[in-house]
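Presented below is the structure to which this report refers.
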Amino acid sequence: VDAFQAWCGPCKTVVDLFRKIRNEVGSDLLHFAVAEVDSIDALEKYRGKCEPVFVLYRELVAVVRGANAPLLQKTILEQL
């Protein structure tokens with residue numbers, strides 16, 4: 001989940017990375033979503049930050065802060 005705030009919007013720089021990973025591993029294993037943290041109480045702890053936050057769920061398994069594409073890709077693939 002790309003957890004974003006309304007004032008800055010979803011992180012556009014990692015969309016291509018998400019597409020690449022999904023094409024490599026298949027759509028059955030991996031789903032991406034965006035969530036505006038200002039309107040979802042369960043994501044309140046991610047409000048007020050000026051960095052993108054990527055939250056990986058099965059149950060919560062990992063959080064990657066910042067647009068660090070190599071770390072994000074590594075974390076996603078490790079969790080699969």
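Annotations
- Each helix, a run of at least 4 DSSP H residues, gives -39500 (n - 2.57); summed and divided by the residues of the chain, these come to -8500 deg cm²/dmol at 222 nm.
- Within the shell defined by Cβ-Cβ distances under 13 Å, the residues around residue 8 carry a net charge of -1, with Lys and Arg each +1 and Asp and Glu each -1.
- Whether region 2-78 is rounded, prolate or oblate, judged on the alpha carbon gyration tensor where a/c under 1.5 counts as rounded: prolate
- Sequence-distant lysines (8 or more away, or on other chains) whose Cα lies within less than 17 Å of residue 49: 12
- Cβ charges +1 (Lys, Arg) and -1 (Asp, Glu), total dipole of the chain, debye: 220 debye
- The slack between residue 24 and residue 47, meaning 0.36 nm per residue of separation minus the straight C-alpha distance, is 5.1 nm.
- Only one residue of 48, 71, 15 has its Cα farthest out toward the positive end of the dipole of the chain, where Lys and Arg carry +1 and Asp and Glu -1 on Cβ, and that residue is 71.
- Label-point gap, in nm, between residue 33 and residue 67 - each point 7 angstrom along Cα→Cβ: 2.4 nm
We did not get these values from a lab; they are worked out from the coordinates using the rules stated. Given the structure is predicted, the values throughout are model-derived calculations rather than measurements. Ideal geometry is used to build each Cβ from the backbone, glycine not excepted, and the neighbour counts take in all protein chains shown.
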